[in-house]
Amino acid sequence: MFKPRSLLLALLLAAPLACKPPFNPKSYPSADKLYQVALAEYKARHYDNAAKAFEQLTLDLSARDPRLPLAYYYMAQSQAKNAEYLLAAGTYNRLIDAFPQDTLVDDAFYLSGLAYEREWRLPQLDPTYGKNAQTAFESLLTSFPDSPFGPLAKKELDKLDEWFAEKDYDTGYLYLKRKAYDSAIIYFKDVIRLHPNARKTRDAYLRLLEAYRAIRYTEDARELCDAMRKAYLNDREILKECGPAPTTPATPAT
């Protein structure tokens, strides 16, 4: 008797939920009421409902309504929390374009950068979204140098720099293993030139040296060793590959 009664109770409790109609932001009588509902849905972490409500508010609120930038902001936040990162980045950009003087713009630059970065996810993927993230963070630093998001943006730019370096290094290494030395050289040089402070840059120097030696670019290899010794003073592996710096002969006394 216990199991059937428990099943019946569960069905009775679930019935109201099954009959609940889907959230419809157009069913509210005014923008004021919808704004209250949208905030309530957001605070309750019903982000799908909140995104729909705030999107409707971007259509219903007048251009001069001070809540309109907030509607874009919370719409983007809701999309980001639903892992809809491209939608979120686009909404933050709409806020920036429509309200360039609003106090939320530096927030939007930073958060759009994060959204693009999360969409990129891994250095091995296409870096287009990483470039978009980089642009957003750099725009924040240029337009709002005193923003509290500035230090955070710089930290994210350093992270992106590591990812860009890793991607170029991996591509160069793939060419190196296929003995496509000219292509490998281009990518390793890009790592060194564009990302001098990245962790992969030291490895790019070593692999570039390997490519030069494979095709007997003796003079290029010698000059590269000079640069490596200066960039990585007393590095054991570099000293092993290049040897110590040549001594300058003493000038004879006259």
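Below, the figures for the structure above:
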quantity: Answer from TYR73, TYR85, TYR116 - the residue that is of a type in the set (Phe, Trp, Tyr), touching a residue at least 24 places away in the same chain (Cβ under 8 Å) and more than 30 Å from GLU166 (Cβ to Cβ); calculated: TYR73
quantity: Residues (farther than 15 Å from ASN82 by Cα, assigned to a helix (DSSP H, G or I), without any contact (Cβ under 8 Å) to a residue 24 or more places away in the chain and of a type outside the set (S, T, N, Q)) located in the stretch 26-53; calculated: ASP32, LYS33, VAL37, ALA40
quantity: Filter result for the condition that a residue is of a type in the set (S, T, N, Q), touching an Asp or Glu at 6+ places or on another chain (Cβ under 8 Å) and either surrounded by 15 or more Cβ atoms within 10 Å (Cβ to Cβ) or not in a helix (DSSP H, G or I) (or both), over GLN124, GLN101, GLN79, GLN134; calculated: GLN124
quantity: Residue tally, condition within 20 Å of TYR129 (Cβ to Cβ) and not hydroxyl-bearing (Ser, Thr, Tyr), over the stretch 164-190; calculated: 7
quantity: Selection status of LYS167, within 24 Å of ASP126 (Cβ to Cβ), surrounded by 17 or more Cβ atoms within 10 Å (Cβ to Cβ) and either in contact with a strand residue (DSSP E or B) (Cβ under 7 Å, 6 or more places away or on another chain) or at pLDDT 95 or above (or both); calculated: yes
quantity: The lone exception for TYR232 - which of (1) more than 30 Å from GLN134 (Cα to Cα); (2) hydroxyl-bearing (Ser, Thr, Tyr); (3) in contact (Cβ under 8 Å) with a residue 24 or more places away in the chain it fails; calculated: (1)
quantity: First in the stretch 190-204 and assigned to a helix (DSSP H, G or I), second anywhere and surrounded by 13 or more Cβ atoms within 10 Å (Cβ to Cβ) and of a type in the set (S, T, N, Q), Cβ under 6 Å, 6 or more apart; calculated: VAL191/THR201; ILE192/THR201
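Here is a yes/no grid of residues against (1) at pLDDT below 95; (2) outside the structural domain of GLN79 (by TED's automatic domain parsing); (3) within 12 Å of the chain's Cα centre (by Cα):
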{"position": "LEU111", "(1), (2), (3)": "no, no, yes"}
{"position": "LEU114", "(1), (2), (3)": "no, no, yes"}
{"position": "LEU122", "(1), (2), (3)": "yes, no, yes"}
{"position": "GLY130", "(1), (2), (3)": "no, no, yes"}
{"position": "THR135", "(1), (2), (3)": "no, no, yes"}
{"position": "SER139", "(1), (2), (3)": "no, no, no"}
{"position": "PHE144", "(1), (2), (3)": "no, no, no"}
{"position": "GLU156", "(1), (2), (3)": "no, yes, yes"}
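Okay, residues lined up against (1) of a type in the set (D, E, K, R); (2) under 34 Å from the mean Cα position of the chain (by Cα); (3) closer than 24 Å to SER183 by Cβ; (4) in a helix (DSSP H, G or I):
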site	(1), (2), (3), (4)
LEU206	no, yes, yes, yes
ALA211	no, yes, yes, yes
ARG222	yes, no, yes, yes
ASN234	no, no, no, no
PRO246	no, no, no, no
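The values are calculated or read from the model by the stated rules, or taken from the named source; none is laboratory data. Fair warning: this is a prediction, and the values are worked out from it, not measured in the lab. Note that we place each Cβ from the backbone using ideal geometry, even for glycine, and neighbour counts take in every protein chain shown.
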